[in-house]
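A short worksheet on the structure shown next.
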Amino acid sequence: MNRVPILITNDDGFNADGLRVLEEALQPLGEVYVIAPDREQSGQGHALTLNHPLRIERRGPRHYAVQGTPTDCIYLGVHSVLADRRPALVVSGINKGTNLGDDVTYSGTVAAAFEATLIEVPAFAVSQQLEHGQADFAAAGRFALQLAQEVLERGMPADTLLNVNVPRGKPRGVRVTKQGKRLYPGGVIERADPKGRTYYWIGGTPAEWEEDPESDFAALAEGWISLTPLHLDLTHHRVLDEVRRWNLEA
Ligand code: MN
């Protein structure tokens, strides 16, 4: 195989271990360009920076830290840094922690793959389940290499990106899954700061999800690597006709 340009990014930031493991893992396939946020951008979703200047710091050969979001990294990576060498593939991750179910809409890791797909570069996102707050990225790195090889050889179906989640421990195998449905119990922690003013902290409740044996959640819970094909069309086609029957006039 030719030394094709491969762009990798993440939302955990340029110095994250998962990004290093991904870079190492993909070396055999091409010229790996690391174009990643200069700091953690988890939970930024598909944010694009429009109202302040973006700077790119070159940190070494094919290494760039961007003062922006994962989406900014893909946008600037494809249209500027690699303007004359279009990447054959974008891989985002390896995220420290899963990106399952509806959480993909918050995820900067998955959004980077969304952005690449919008500009018609094949892309996938990889996330690693934690064990006692720690991540072992080795299995995810090996799987990313295998999947990247497959995508480079077969091509990606149109308008599709792949969302990969790797379970803790030794994976039992790979399952192609559906995006699961998370239940949001709405955990909010409310405290008082030293000046007596109230502040809020989102989360604090463990993740729960709807039972569905075909979901990404179920695959992970049973120790399988989950591979979910996603697309960007958020239209809910089944309810189009129902909404068209509403009495609405301009
Ligand atoms: Mn993250």
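For the reader, a short list of remarks on this structure follows.
- Exposure of Trp209 as accessible area (Å², to 10), given a probe of 1.4 Å and all protein chains: 90
- Centre separation in Å (Cα based) which lies between region 182-246 and region 62-94: 28
- Value of relative contact order over region 97-250, rounded to a whole percent, pairs C-alpha under 8 Å and six or more apart: 26
- Rounded to the nearest 10 square angstrom, Thr177 shows an accessible area of 10 square angstrom against a 1.4 Å probe.
- The H on the amide N of Val4, modeled in the peptide plane, is under 5 Å from the matching H of Glu31, each at least 5 residues off or on a different chain.
- Distance (nanometres) between label positions extended 7 Å along Cα→Cβ at Glu249 and Tyr200: 4.0
- Using the 1.4 Å probe convention, the accessible area of region 1-158 works out to 45 Å² per residue with neighbouring protein chains retained.
- By the rule of a C-alpha distance below 26 Å, with chain neighbours fewer than 8 residues away ignored, the lysines paired with Lys178 are Lys96, Lys170.
- Relative protection proxy for 4-12, 138-146, from highest mean packing down: 4-12, 138-146 (other beta-carbon atoms within 10 angstrom).
- Backbone HN-Hα couplings from phi across region 155-162 [Karplus 6.51/-1.76/1.60, Hz, Gly and Pro as x]: x, 9, x, 4, 6, 10, 10, 10
- Packing-based ranking of 119-125, 56-62 yields 119-125, 56-62, ordered from highest to lowest mean Cβ neighbour count within 10 Å.
- If you wrap the tightest convex hull around every Cα atom of region 192-244 and split its volume per residue, you get 219 Å³.
- Probe 1.4 Å, accessible area per residue of region 209-250, Å²: 79
- Cα pair distances in region 8-136, grouped into 5 Å bins until the bin that holds the longest one, percent each: 2, 12, 23, 27, 21, 10, 4, 1, 0
- Debye log10 I(q)/I(0) for region 71-111, one point scatterer per Cα, at q = 0.15, 0.25, 0.33 Å⁻¹: -0.45, -0.86, -1.12
- An ellipsoid equivalent to the chain, defined through the eigenvalues of its Cα gyration tensor, has semi-axes of 28, 23, 22 Å when rounded to whole angstrom and sorted largest first.
- Accessible surface of region 148-215, 1.4 Å probe, proportion on carbon and sulfur as whole %: 51
- Cβ-Cβ distance of Arg154 and Glu242, R₀ of 51 Å, FRET efficiency by 1/(1 + (r/R0)^6): the value works out to about 0.85.
- Expressed as a whole percent, the accessible area of region 1-43 that falls on carbon and sulfur atoms is 42 (1.4 Å probe).
- Sequence-distant contacts, meaning Cα pairs under 8 Å at least 6 residues apart, place the relative contact order of region 113-186 at 41 percent.
- Those aspartates and glutamates that a straight Cα-Cα span of less than 15 Å connects to Lys181, excepting residues fewer than 8 apart in one chain: Asp102, Asp103, Glu208, Glu210, Glu211, Asp212, Glu214, Asp216
- Rough spin-label spacing in nm, given labels placed 7 Å along Cα→Cβ, for Gln146 and Glu222: 1.7
The values are calculated or read from the model by the stated rules, or taken from the named source; none is laboratory data. It should be emphasised that the depicted structure is a prediction, and the values quoted were computed from it without experimental measurement. Here the Cβ is made from the backbone with ideal geometry for all residues, glycine too, and neighbour counts use every protein chain on show. Please note that ligands, DNA and RNA were not included when accessible areas were found on the heavy atoms of the full protein model with its side chains. Shrake-Rupley method; radii C 1.70, N 1.55, O 1.52, S 1.80 Å.
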